[in-house]
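Peer 1: Have a look at this one.
The values are calculated or read from the model by the stated rules, or taken from the named source; none is laboratory data. What you see is a predicted model; the values in this text were computed from it and never measured. So basically every Cβ, Gly included, is an ideal-geometry build from the backbone, and we count neighbours across all protein chains shown. Surface accessibility is based on the protein's heavy atoms, side chains included, excluding ligands, DNA and RNA. Shrake-Rupley method; radii C 1.70, N 1.55, O 1.52, S 1.80 Å.
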Amino acid sequence: MLTDEDAYSVLRSRDGRFDGRFFVAVVTTRVFCRPSCPAALPKRENVRFYPSSAAALEAGFRACKRCRPDTVPGSPEWNVRADVVGRAMRLIADGLVDREGVAGLASRLGYSERQLHRQLTADLGAGPQALARAQRAATARTLLETTDLPASEIAFTAGFSSIRQFNDTVRKVYGTTPTALRGTPSARLPPGAIRLRLTYRPPLDLPALFSYLATRAIPGLEDVTARCYRRSLTLPHGLGLVTLRPARTYVSCELHLEDLKDLAAAVRRCRHLLDLDADPRDISDHLTRDPRLAAVVARTPGRRVPGQVDAAEMAIRAILNEETPTGRSRLARLVRTYGTRLPHPAAGVTHAFPRMEALASSDAPAPVTALARALTAGTLHLGPEADRDQAERELLALPGMDVEAVARIRMRAFGDPDVFLPSDPAVQEGLHRLGLAAGDAHRWRPWRSYAMQHLSAPRTHTP
C-alpha cells in the first residue's frame, strides 16, 4: 500500500502506471484526477488521495475534464484478490447492483448489507451504492458521447431510477450537464453500434493475445483475423456481438447489444477476456527475480493471461479440451446444435454459446450435462461472486471432471494469477529449454499463471 507521501511522489512524476490504483483530489479546485494528469502540480497540503473514484465523488470532488479519471483501467488489485471485496467489485462492474440492488449483491456474497457496506467503505472509501453510481455515470457518459439516443433513454439505460437523479449525478461527477457532454457519433458506425476505447497499462502483447484466441476459436461462436477478434456475447438482458481491434495505445471495442442496459457488463467481460486491468510492471518485477526466467520475461514483455466472457462457457471449453482440434470440433458441434442463433449473424459469428438450461437436458457428454445441471440447480456458482477454492472443490466433485480442466477454469474463468500446469506441453518445452524443473515454479508465486505465458511464448526460442 502506498503512503500519502509515496502517492505524492507518483503524482510529481506523472507516472501513468498508477492510474486506477488511486485518485488525486485537489481541495482548492474540488477536482479529482488520475496520477498522470498533465495539469500543474498542486501543493502537497492541497492534495487528498482516494482509493476509488467513488470515494472522491462522495467527498464532494468532480472528475477532471482534462485527464478523465473515469476512463482509466481498473485497479489490478481485483485481478489478485479473491476476498469478498474483490468479488464484490467484479459484481458491481458487471452491473449487478443495477439489476438486483445492494440486497442482491449482499445475498450473492453471503453477507448482510451492513457487513458488505462496512468492508467496502473500509477498503475503498465508498459503499456499494456509491460505487455503482460512479459506474452509472461512466456508462452514461459513454452513451452520450457515442450514440444519438435521447438523454432520457440514456438515463434509464445507464441504470438511473429517474431523469432528475441522472442530471444531478452527471453535474456532480463531471461539473456539467448531459447536453454539454453530448458527442457526435461517428457516421461510419452501423446503426445501433457503440464504439469505445478499452485502456490498459502498457506494455501489452496484443498479437500474442489474439493469436491465443485464434488458435482456440470455435467456428460459429468466434471469428478471428489478423485485424480483429469477433464473437457473440450472452449478457444479463440479451445477446450481443463484439469486435475487438488492436490500436496503438488502446483496444478498439465495437459493440452491438440487444439491450443497452448490458453495456457495463459487456465492457467488463471484454476487459477480463484480454486481461486489460493487469499491471505488467508488478508482474515482471517479481518474475525477473529468478535470473533464469528474467531473460524470457524481458524478450516477451506484456504477456497477459487470456480470460473469458462467460465463466460457464469457459468451464465447458476446458471440459471438452479446447486445446486440441478434437475438442474444438466437439465444441463447434455443441454450439451448432444447442446454441442460440443470432438474429443478425456477422462475419462467421452465427450463434451464441448454449445456455446451461439447454445443455442440462441435452445428450452432450456426461461431464458437460453434469456441470450444466449443477449450475441451473444453483449448487455450483462460477460467476464473479464465486469463491475460487470452494468452486474448485465443487467442480472436482462432479463426475468426469479432471484436475487439469479445473486448473484451467480457475486460471481463465476466475482470473487466478497463480495457476501452474506442469503437464502442458508448451510449458514443459519452455521449462526444458531454460533448464528449469516444475519444482522451480514456487519461486514465481503469486504470478505463476503469467510465468506460464512467458514459458510457452514462441519467442522464447533461442535464436
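Peer 1: Residues being in contact with a helix residue (DSSP H, G or I) (Cβ under 9 Å, 6 or more places away or on another chain) and in a strand (DSSP E or B): count how many of those fall in region 188-232.
Peer 2: 12
Peer 1: Could you pull out every one of the helices (runs of 4 or more DSSP H) wholly within region 79-168 that has 2 or more residues that are under 30 Å from ARG448 (Cβ atoms)?
Peer 2: Ranges flagged: 84-93, 96-109, 113-124.
Peer 1: (1) touching a His at 6+ places or on another chain (Cβ under 7 Å); (2) farther than 23 Å from LEU382 by Cα: which one isn't true of THR177, the others all being true?
Peer 2: Going through the list (1) touching a His at 6+ places or on another chain (Cβ under 7 Å); (2) farther than 23 Å from LEU382 by Cα, THR177 breaks only (1).
Peer 1: Now for a separate question. Given GLY378, GLY400, which one is of a type in the set (Gly, Ala, Ser) and more than 25 Å from THR324 (Cα to Cα)?
Peer 2: GLY378
Peer 1: Determine which single condition ASP70 fails, assuming it passes every other condition in (1) open to solvent by 30 Å² or more (accessible area, probe 1.4 Å); (2) modelled with pLDDT of 95 or more; (3) within 19 Å of LEU131 (Cα to Cα).
Peer 2: Here ASP70 meets the rest and fails (2).
Peer 1: May I pose another question? So which residues in region 331-343 are open to solvent by 60 Å² or more (accessible area, probe 1.4 Å) and under 26 Å from the mean Cα position of the chain (by Cα)?
Peer 2: Scanning region 331-343 gives a single hit, ARG341.
Peer 1: Suppose we filter ARG17, ARG48 for residues that are over 15 Å from THR199 (Cβ atoms), in contact (Cβ under 8 Å) with a residue 12 or more places away in the chain, open to solvent by 40 Å² or more (accessible area, probe 1.4 Å) and not in a loop (DSSP other than H, G, I, E, B); which single one remains?
Peer 2: Among ARG17, ARG48, only ARG48 is over 15 Å from THR199 (Cβ atoms), in contact (Cβ under 8 Å) with a residue 12 or more places away in the chain, open to solvent by 40 Å² or more (accessible area, probe 1.4 Å) and not in a loop (DSSP other than H, G, I, E, B).
Peer 1: Residue check: is ALA386 in contact (Cβ under 8 Å) with a residue 24 or more places away in the chain, among the hydrophobic types (A, V, I, L, M, F, W, C), within 29 Å of LEU235 (Cα to Cα) and crowded, with 17+ Cβ neighbours inside 10 Å?
Peer 2: When the stated conditions are applied, ALA386 passes them.
Peer 1: Condition first: in contact (Cβ under 8 Å) with a residue 24 or more places away in the chain and farther than 30 Å from HIS381 by Cα. Can you find one or more residues in region 126-141 that meet it?
Peer 2: Yes, region 126-141 has at least one match.
Peer 1: Now, a different point. What are the pairs, 6+ residues apart or on separate chains, where a residue within region 285-302 that is under 11 Å from TYR450 (Cα atoms) has its Cβ under 6 Å from a residue that is polar (S, T, N, Q)?
Peer 2: Partner pairs satisfying both residue conditions: VAL297/SER284; VAL297/THR288.
Peer 1: Still on this structure: Give me a count of the residues in region 416-439 that are open to solvent by less than 20 Å² (accessible area, probe 1.4 Å) and either among the small types (Gly, Ala, Ser) or at positive phi (or both).
Peer 2: The total comes to 1.
Peer 1: Within region 243-269, which residues are over 18 Å from THR147 (Cβ atoms) and surrounded by 20 or more Cβ atoms within 10 Å (Cβ to Cβ)?
Peer 2: LEU244, VAL251, ARG268, ARG269
Peer 1: Could you please tell me which pairs satisfy a Cβ distance under 7 Å, a separation of 6+ or placement on different chains, a first residue in region 327-352 that is on the phi < 0 side of the Ramachandran plot, and a second residue that is surrounded by 14 or more Cβ atoms within 10 Å (Cβ to Cβ) and assigned to a helix (DSSP H, G or I)?
Peer 2: Matching pairs, first to second residue: LEU331/ARG317; TYR338/ALA358; TYR338/LEU359; HIS351/VAL335; HIS351/ARG336.
Peer 1: May I ask you to say which residue of GLY240, GLY302 is at positive phi and either in a loop (DSSP other than H, G, I, E, B) or in contact with an Asp or Glu (Cβ under 9 Å, 6 or more places away or on another chain) (or both)?
Peer 2: Result: GLY302 is the single residue among GLY240, GLY302 that is at positive phi and either in a loop (DSSP other than H, G, I, E, B) or in contact with an Asp or Glu (Cβ under 9 Å, 6 or more places away or on another chain) (or both).
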